[in-house]
1. Filter the range 128-173 down to the residues that are assigned to a loop (DSSP other than H, G, I, E, B) and of a type in the set (A, V, I, L, M), then identify the one that is nearest to ALA230 (Cα to Cα).
2. Can you tell me which residue within the range 282-308, out of those that are open to solvent by 20 Å² or more (accessible area, probe 1.4 Å) and hydrophobic (A, V, I, L, M, F, W, C), is nearest to PRO206 (Cα to Cα)?
3. Out of (1) touching a Leu at 6+ places or on another chain (Cβ under 8 Å); (2) open to solvent by 30 Å² or more (accessible area, probe 1.4 Å), the odd one out for ASP186 is which?
4. For the range 290-314: of the residues being in contact (Cβ under 8 Å) with a residue 60 or more places away in the chain and assigned to a loop (DSSP other than H, G, I, E, B), which is nearest to THR81 (Cα to Cα)?
5. Those residues that are farther than 18 Å from VAL192 by Cα and of a type in the set (Asp, Glu), I need them from the range 274-312; list them, please.
6. Starting from the range 144-163, keep only residues that are free of Cβ contacts under 8 Å to residues at least 60 places away in the same chain and among the charged types (D, E, K, R), then list their pairs with residues that are in a loop (DSSP other than H, G, I, E, B) and open to solvent by 50 Å² or more (accessible area, probe 1.4 Å) whose Cβ atoms are within a distance under 8 Å, requiring at least 6 positions of separation or different chains.
7. Just checking, does the range 217-235 include any residue being out of contact with any Gly (no Cβ under 6 Å at 6 or more places or on another chain) and within 25 Å of TYR69 (Cα to Cα)?
8. Go through the range 69-113 and give me each residue that's touching a residue at least 24 places away in the same chain (Cβ under 8 Å), outside any strand (DSSP E or B), open to solvent by less than 40 Å² (accessible area, probe 1.4 Å) and not β-branched (Val, Ile, Thr).
Amino acid sequence: MKKQYNEDGVVHLLAILLIVAVLGVTGFAGYKVMQSSKKDDPAASSNKNEETTSKAVWTKGGFAIEGTYADADIVQVNDTTWRLYYAIQPEVKGHNFEVYSATSSDGKTWKQDSGTRKTMATFPEIVKLADGRYRMYYQTAGVIKSAISSDGLSFTDESGTRVDTSNDASLTFDNVAAPSVALKDDGTFIMVYRGTINERYATNTPNQTTQVLMWATSADGLSFTQKGIAVDSRNTTLAGQLDGPDVVKFDDGYRVFATSYTGVYSFNFDGTTFAEAELAFAGEAKKVGDNYMGQPPGDPTTAKINGTWFMYYGATGKSTGIHYATLQ
């Protein structure tokens, strides 16, 4: 009887252990399913989504200046006033390449100044100098020149050429244009500008030319030393197109914004090198397959007004004029 009891006890014990094991495996499986459900539950990942969506983005606003204008640039006049400069679109008939201006205290509502700031000039770029004067850099006849003003309204041409088509990168430029200039705290002028190669980058790109960004520096704002290629657009991301650069001292250091086929890209700049391209603001532009669709924001210029960053850009067609977007 004792032997039989021991055998029955072992059998019962094994049965109990088997049940416990099954329950343990079932419980573990249930735990894994619950964990999986948590990972798939939007509520469980809300913190991650909040971190992703909380990144500041450029949000389209409205018109700053309506009309057949493009190539805007902005300068702060005083603590409460900003002046926006912009040029007549070259496609307009009967023009004399006029440059106009308007002022604002909030970055959204602009009042046009009377008269014209300059003629025979495209891509105006204004820098307020340390002595209070204003210098306009502009393109004319395929090169970059400058004019000076004591009040930011009446400009007088300065002699000589600031930058021409010559370069040490073995590139043959049809023209140079779209200068953007930043005056650093140490008094150094940094210019980023566009160089146009009279050759299509790829068979599917809209433009028949290729445009890269070059850069140069100057101690006096007049005599510039070329530094070579700033950003080479000849890659699959930029597809041989960069235009209307804007070099600006941003919150986290210097940046360059410029327009490509699929939007405005930004490039961090540490004083010697330009970082990889990051898409900043696509606007209506996108690429579908091999086709480029929609209009990218043209020739951006940026400024921080009353604590908010504004980007002004040109558009054509039904939306012709200078638009703005804000960083939110």
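1. So in the range 128-173, the residues assigned to a loop (DSSP other than H, G, I, E, B) come out as 129-133, 141-142, 150-155, 158-162, 164-173.
Adding the requirement that they be of a type in the set (A, V, I, L, M) leaves 129-130, 141, 153, 169, 171.
On the way: LEU129: 24, ALA130: 26, ALA141: 23, LEU153: 31, ALA169: 11, LEU171: 13 Å.
Among them, the one singled out is ALA169.
2. Taking the candidates together, the pick is MET293.
3. (1)
4. So, considering only residues that are in contact (Cβ under 8 Å) with a residue 60 or more places away in the chain and assigned to a loop (DSSP other than H, G, I, E, B), the one nearest to THR81 (Cα to Cα) is ASN306.
5. Listed by number, the residues that qualify are GLU284, ASP290.
6. Pairs that qualify, where the first residue is free of Cβ contacts under 8 Å to residues at least 60 places away in the same chain and among the charged types (D, E, K, R) and the partner is in a loop (DSSP other than H, G, I, E, B) and open to solvent by 50 Å² or more (accessible area, probe 1.4 Å), are LYS145/THR161.
7. no
8. GLN89, GLY107, TRP110, ASP113
The values are calculated or read from the model by the stated rules, or taken from the named source; none is laboratory data. Nothing here was measured: the structure is a model prediction, and the numbers come from that model. Cβ: placed from backbone, ideal geometry, glycine included. Neighbour counts: every protein chain shown. What goes into the accessible areas is simple: the full protein's heavy atoms, side chains included, and nothing from ligands, DNA or RNA. Shrake-Rupley method; radii C 1.70, N 1.55, O 1.52, S 1.80 Å.
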